[in-house]
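Following: one structure in structure tokens, then a few remarks.
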């Protein structure tokens, strides 16, 4: 094999690695679809799943229009530079010059994103980041089921999936990001950057959205609204687990010419350790939630995810025994947090805040306790508690809670946030889509009557002669 | 400090272990013991946690109940046999009384089963209510 072929092989391996990791990440969405569909009631199952499905479109396209550019343009802003774009002079300094090489490939009109034999990697990184973005927005989707307007969800998914978390990633999951350069922030598996941001964004939205009708009694005590298909929810979470292995594998950086695997911060790591630690976090998380929730099936399987998120930020550095203890601890607390939130009158239908918000916060802060003193680069502070605390708080409050609350507040004022009461009672499948998820079974007389009317109208419409139609 | 490295060069060019507490085997041993305890707790808990059912009855009490019932049944059979042998004259009246007992027994059993299942359902409902409150 000649040198040119060897060089191209390196490029092809990188391109293939991120391509297939991203394809497997799509299983996270298959999982979220099943998870939320199972968690909803029969009258809302299709609307819930369609809403989740639309995340792929809303975030996928918005990420192409501006999200990918935001990731590359915001790392220096506002601490060590401005927002980078066509107006920026690359000769300003060496950092800006280096950053501009990627900014120029991230405009929607950039030739790097189109078929181009000179660039095999920009497109595949866009693909991976777009999947990250969809995952972040999907976390919001589950908590809002059964009462949010689809349009409102689409707007909020764009704000979260294509802007706020992307800014968090630009600051905290980017070698130029000021969280890293100024604080020595380390968040390998995006505990705060993805999960903390989305969990707290969700909390802000839930405060304005309000609980589902019937969730609380007259005294304000929570009542159970049970999932209509818990087995489907559990299968969904299993798919999410598979997707998470790919998500974490895609957090590894291996580019042509590299002689070792690194994190996004340039620090050494191994893919093998991600396999070991993800598996142990999954196992320990499940038992933590199993014991804590006294074998509640919903919390038990969510514990696997809670465990992975609790160790995500330092997974590249933790010894397996640290992973077991930390994942157990995070998942053990998760059901308590979810029930506490419920008691406060916040109806989080799938416990998204407990799993993603709380465990994301915990996971990011844990690096400041359990992985302190790592010197990540010349001039970069070593990892420590303050270096984790400040960026984590910025992620969860400034980029998570406040944008979530503000966006949903605005939508609420414009009466665009929540479906009308009668639609919520009848079920969103009929109200939004005009069909039921389970047409063979008449779940209640009201729904059956509406469906029968819809069907009759549809049949009549089909039988009526249309102009220009030949018999 | 849980990092085994003191400067960036040492860490970024490391060939070998880079994990937390890599220079502190005592801490790793301690965490390993904690992990083992958590695992044992899990196995123990898997026997003890029964969130959907009322807690199992005490096996000793159940055994005593079964033994007492068996004695009672055996006593009943013995008495009736003795009666049959020693009081043939009163057979007719006995037959009547035995017929009365035959139709009373199923009703009693149905009543017991019904009340038992009602009590179990009631207890499960109460438990479920408590769980979601």
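A short reminder: the numbers here are calculations on the coordinates, not readings from a lab. Since the structure is predicted, the reported quantities are computational estimates derived from the model, not experimental observations. Quick reminder, even Gly has a Cβ in these numbers, built from the backbone with ideal geometry, and neighbours come from all protein chains shown.
Here are a few things to note about the model shown:
- Degrees between helix A:230-249 axis and first principal axis of chain A (Cα, 0 to 90, nearest 10): 20
- In this simple spin-label model, placing a label point 7 Å from the Cα along the Cα-to-Cβ direction at both residue A:23 and residue B:6 gives a separation of 4.9 nm.
- Segment A:297-439: Cα Rg divided by the 2.2 N^0.38 Å rule of thumb: 1.36
- Were the residues from residue A:16 through residue A:79 laid out at 0.36 nm apart, the gain over their Cα-Cα distance would be 19.1 nm.
- Label-to-label distance for residue A:119 and residue A:219 is 6.3 nm, based on points extended 7 Å past Cα in the beta-carbon direction.
- Three principal axis lengths of segment A:28-166 [C-alpha, angstrom, descending]: 59, 36, 20
- Relative contact order (percent, whole number), segment A:1-131, Cα cutoff 8 Å, 6+ residue spacing: 31
- Paramagnetic reach from residue A:415 in segment A:142-176 [backbone N under 16 Å; point 7 Å along Cα→Cβ]: A:149, A:152
- Calculated log₁₀ intensity ratio I(q)/I(0) where the Debye formula runs over C-alpha points of segment A:245-303, q = 0.15 Å⁻¹: -0.56
- Proxy reagent accessibility, fewest Cβ within 10 Å first, across B:47, A:318: B:47, A:318
- Normalised contact order of segment A:341-393, rounded percent, pairs of Cα under 8 Å and 6 or more residues apart: 28
- The angle between the Cα long axis of helix A:402-413 and the main principal axis of chain A comes to about 30°, on a 0 to 90 degree scale.
- Per-residue packing, averaged as other Cβ atoms within 10 Å, sorts the ranges A:93-106, A:215-228, A:67-80 into the order A:67-80, A:93-106, A:215-228, beginning with the highest.
- With the simple spin-label model, which puts each label point 7 Å out from Cα in the Cβ direction, the residue A:423 to residue A:150 separation comes to 1.0 nm.
- Contact order relative to length of chain A, as percent, for alpha carbon pairs under 8 angstrom and 6 or more apart: 23
- The order of A:162, A:16, A:191, A:58, going from fewest to most other C-beta atoms within 10 Å of their C-beta, is A:16, A:58, A:162, A:191.
- Chain A pair-distance distribution - Cα-Cα, 20 Å bins, rounded %: 24, 54, 19, 3, 0
- By the compact-protein rule of thumb, 2.2 N^0.38 Å, the alpha-carbon radius of gyration of segment A:1-74 corresponds to a ratio of 1.65.
- Cβ-based exposure ranking for A:186, A:29, A:120, in which fewest neighbours within 10 Å come first: A:120, A:29, A:186
- Taking the longest Cα principal axis of chain A as reference, the axis of helix A:150-159 is set at about 10 degrees.
- For segment A:329-385 and segment A:175-221, distance of Cα centres in Å: 10
- Here is how the number arises for chain A: DSSP H runs of 4 or more residues each give -39500 (n - 2.57), the sum is divided by the residue count, and the result at 222 nm is -19000 deg cm²/dmol.
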